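Since the structure comes first, as structure tokens, the remarks are kept for the end.
The values are calculated or read from the model by the stated rules, or taken from the named source; none is laboratory data. Remember, predicted model here, so these are calculated numbers, not experimental data. Methodologically, a virtual Cβ is constructed for each residue, glycine included, from the backbone with ideal geometry; neighbour enumeration extends over all protein chains shown.
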Amino acid sequence: MSAAPSDIRSARAFAPASVGNIGVGFDLLGHAIAGPRDIARVRRIDEPTVRIAAIGGDSAGAGSLPLEAARNTAGQALISMREKLGLGHGFELELEKGIALGSGLGGSAASCVAAVVAANAVLDAPLPRQALYEFALDGESVSSGSRHGDNVAPMLLGGVVMATATRMIPLAVPEWLHAVVVHPDQVLETRRARAVLADPYPLHTVVEQSAHLALFLTGLQRGDAELLREGLVDLLVEPRRAPLIPGFAEVKAAALAHGALGASISGAGPSTFAWFASQAQAQAAAPAMRQAFVDAGYDARAYVTPVAGPRAELLDD
């Protein structure tokens with residue numbers, strides 16, 4: 001039964017960080033991770049507008065984010081929700097940033113997703129998760145300059161998700177599959193990371209990348225570690241972005257030396273991820289991966305997480 005307007009006036013939700021692209025699925029694949037997260041509190045207000053009351057949290061750069069709703073990813077997501085649903089009421093938003101800006105962990109997407117999940121709870125008739133996708137995409141585009149759901153979709157659904165322009169498709173993930181995600185004290189803006197991809201690619205490279213993607217997706221479906229190992233090789237994005245990330249080559253080498261099925265750049269970077277066939281392997285590799293960034297001159301934090309990471313959820317007040 002739908003809630004009446006007076007029943008729920010305020011809600012709080014979190015959205016997890018994510019690994020965008022997963023190497024071979026540029027702007028198409030992503031998975032949620034257990035670790036850093038953003039939190040949004042949304043209050044239903046009578047005025048037909050969206051306003052941001054405060055932005056806080058312990059992530060670097062949170063204080064630099066705009067309070068003007070249309071220039072903020074979460075604010076724009078709520079504007080989109082209001083306009084597309086024809087709502088007569090508005091929203092007031094407070095953000096608590098736990099995901100560092102420019103980290104490659106989907107911080108801008110997490111703010112959008114946390115906001116729309118919280119706002120959905122104060123609607124007269126809350127919507128299914130799939131219906132929230134377009135609002136979050138509208139918000140995410142403020143940051144990246146394009147509509148891509150490889151971070152938004154796994155945050156909304158959890159686990160590994162294929163994200164197209166209009167659909168979120170959850171993919172099978174074997175329980176044994178774990179990841180290490182290492183975030184160094186570097187900042188790499190998404191727009192800069194995308195700029196290095198502007199030049200065209202040779203057809204033979206695109207064909208080979210397509211084969212890797214096919215192997216990767218088949219490996220997920222079958223729970224086949226060797227197919228995942230063959231598939232998790234990025235020939236398109238990683239070679240161009242790696243030079244923007246000091247220490248990346250050494251972190252990847254450390255992961256492979258500890259038995260990783262594959263390793264690459266998380267989202268636009270500089271965070272780096274690796275997949276492993278067990279939690280024990282991931283836990284053993286994490287210190288070496290972190291140390292490789294430290295040896296390159298950057299402190300870093302390593303997260304060990306199931307690849308089938310959590311989805312955004314409401315929080316108790």
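General observations
- Checking Gln279 against (1) within 14 Å of Ala193 (Cα to Cα); (2) in contact (Cβ under 8 Å) with a residue 60 or more places away in the chain, the condition it does not meet: (1)
- For Glu140: the one exception among (1) surrounded by fewer than 24 Cβ atoms within 10 Å (Cβ to Cβ); (2) assigned to a helix (DSSP H, G or I); (3) in contact with a Ser or Thr (Cβ under 7 Å, 6 or more places away or on another chain): (1)
- Entirely in region 218-317, the strands (runs of 3 or more DSSP E) that have 3 or more residues that are under 23 Å from Thr190 (Cα atoms): 262-265, 272-276, 300-306
- Scope region 263-303; condition among the β-branched types (Val, Ile, Thr) and in contact with a Phe, Trp or Tyr (Cβ under 9 Å, 6 or more places away or on another chain); matching residues: Ile265, Thr272
- Qualifying residue in region 105-122 (condition: surrounded by fewer than 24 Cβ atoms within 10 Å (Cβ to Cβ) and assigned to a loop (DSSP other than H, G, I, E, B)): yes
- Candidates Leu188, Leu215, filtered to the one that is touching a helix residue (DSSP H, G or I) at 6+ places or on another chain (Cβ under 7 Å), surrounded by 14 or more Cβ atoms within 10 Å (Cβ to Cβ) and assigned to a loop (DSSP other than H, G, I, E, B): Leu188
- Of all residues assigned to region 212-222, none qualifies as being over 20 Å from the mean Cα position of the chain (by Cα), at pLDDT 95 or above and of a type in the set (Phe, Trp, Tyr).
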